[in-house]
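Structure, as structure tokens:
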Amino acid sequence: MEMLIRPAQQGSQRRTWTDVPDAAPLVQAWENRNNISIPPDYRRFITKYNGGRVYPPMFRYTVPLDKYPSTEPVTYLDPLYDWNYIEEIWNGGVFNGRNPPQMLMIGSDPGGLEILLSLREEDYGKIYTWLHSLSGWGEEGNDAIYLQASSFHEFMDSLYDNEARDGYAYWYRPGLAHLERKLEF
């Protein structure tokens, strides 16, 4: 199935591809400041698209159903964050220390499930899911992340749509169809 992407909206504002900031110098400056390199597959994505909404958007999450209940463990990727927001989260401007350390939050689903990219030496480049919490990281109820994929590319390859095309119905916006591009790494 061909993967598509369009820029993420910013609040109620619609964004065009010409409005999307070039993430390459921002990523490089962040890496220099933090003495960390992001994995090459994610670097190619973020510097080419700087986040966005992808189709197909559905994935089977790995958080246990007793922690994130539904009839089946399926949700939508909504959206992949732009670099400015990723950096804001990294610097404590969103979750204020409640998020897992050494993890980039790169996206979310519509219900509070965050998509993490590990920058830790022991599992560098792996993708995890995390239920964000009001508790500090490491406290009971905010002490677990769940392996989702061995790499960003593998995570993207796992995205799908079902036979009823629920993913397309969720993702498609007629007024934004002109912004759709083929997603290429």
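Key figures for this structure:
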read-out: The listed residue being within 15 Å of ARG53 (Cα to Cα), exposed (fewer than 15 other Cβ atoms within 10 Å of the Cβ) and of a type in the set (D, E, K, R), out of GLU184, GLU114; value: GLU184
read-out: Qualifying positions in segment 126-185 - more than 29 Å from PRO100 (Cα to Cα), of a type in the set (Gly, Ala, Ser) and without any contact (Cβ under 8 Å) to a residue 40 or more places away in the chain; value: ALA164, ALA169, ALA177
read-out: Enumerated helices (runs of 4 or more DSSP H) restricted to segment 1-104, each holding at least 2 residues that are polar (S, T, N, Q) and open to solvent by 60 Å² or more (accessible area, probe 1.4 Å); value: 24-34
read-out: Segment 139-181, residues that are out of contact with any strand residue (DSSP E or B) (no Cβ under 6 Å at 6 or more places or on another chain), within 17 Å of PHE45 (Cα to Cα) and open to solvent by 50 Å² or more (accessible area, probe 1.4 Å); value: SER150, HIS153, GLU154, ASP157
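The values are calculated or read from the model by the stated rules, or taken from the named source; none is laboratory data. Just so we're clear, the structure is a prediction, and the values are computed from it rather than from any experiment. Every residue, glycine as well, gets a Cβ built from its backbone with ideal geometry; the counts of neighbours run over all protein chains shown. To get the accessible areas, we keep the full protein, side chains included, count just its heavy atoms, and leave off ligands, DNA and RNA. Shrake-Rupley method; radii C 1.70, N 1.55, O 1.52, S 1.80 Å.
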